[in-house]
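To start, the structure under review is shown below, and the notes come after it.
The values are calculated or read from the model by the stated rules, or taken from the named source; none is laboratory data. Small disclaimer: the values here were computed from a predicted structure and weren't measured. Here Cβ is always computed from backbone atoms with ideal geometry, including for glycine, and neighbour counts include all displayed protein chains.
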Amino acid sequence: MKKPGVLLPLLCEHLFKKPFTLLYPRQQWPLPRNYRGMIVHDNEACVGCGTCFRVCPALAIEMVEDPEKRPLGKDRVRKNKPLFHLDRCMRCAQCEESCPFNAIHLRGGVGLVGYVRSKMRVFS
């Protein structure tokens, strides 16, 4: 048989403690230094090599035709550029590590939430 009044001392103990929860989104926890958040793509550094596309285990990167056809020098033109699907991305940072031109970075951003799937894309 359970003893009556076991919860009362526990309730009194926690009644006057500071709350553990925060009022999100007005208050936020400090993020760790190496937090992997939103994908930031540097369009100027990207040459469209497709390395990020080939190493992505979640198939969250798609190479699409570059409408700008940005010149890369010496009669070379960037034909493709990456399109990042944030709803598929698992933040493993394989794309960031494998990019030979440091054009991809996973930086800050906690609220990666969207109601429309087509808006969960990064295309710079």
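Listed by first and then second residue, the pairs linking a residue in the range 67-78 that is under 16 Å from residue 49 (Cα atoms) to a residue that is surrounded by 10 or more Cβ atoms within 10 Å (Cβ to Cβ) and among the aliphatic types (A, V, I, L, M), with Cβ atoms under 6 Å apart and 6 or more places separating them unless they lie on different chains, are 69/77; 71/77; 72/47; 78/47; 78/72. Of the residues making up the range 75-97, those that are within 16 Å of residue 42 (Cβ to Cβ) and under 13 Å from the mean Cα position of the chain (by Cα) are 84, 93, 95, 96. Checked against (1) more than 25 Å from residue 118 (Cα to Cα); (2) out of contact with any Cys (no Cβ under 7 Å at 6 or more places or on another chain), residue 98 passes all but condition (2). Residues of the range 15-62 that are surrounded by 15 or more Cβ atoms within 10 Å (Cβ to Cβ) and in a loop (DSSP other than H, G, I, E, B): 36, 37, 46, 47, 48, 49, 56, 60.
When residue 72 is tested against (1) among the hydrophobic types (A, V, I, L, M, F, W, C); (2) under 21 Å from residue 35 (Cα atoms); (3) more than 11 Å from the chain's Cα centre (by Cα), only condition (2) is not met.
Can you report the number of residues in the range 63-92 which are surrounded by 15 or more Cβ atoms within 10 Å (Cβ to Cβ) and at positive phi? Of the residues in the range 63-92, 1 are surrounded by 15 or more Cβ atoms within 10 Å (Cβ to Cβ) and at positive phi.
Looking only at residues in the range 1-14 that are assigned to a loop (DSSP other than H, G, I, E, B) and of a type in the set (A, V, I, L, M, F, W, C), the one that is modelled with the highest pLDDT is 6. Being among the aliphatic types (A, V, I, L, M), at pLDDT 90 or above and assigned to a strand (DSSP E or B) is the filter here, so list the residues in the range 76-101 that pass it. Once the filter is applied, which keeps residues that are among the aliphatic types (A, V, I, L, M), at pLDDT 90 or above and assigned to a strand (DSSP E or B), the range 76-101 yields only 83.
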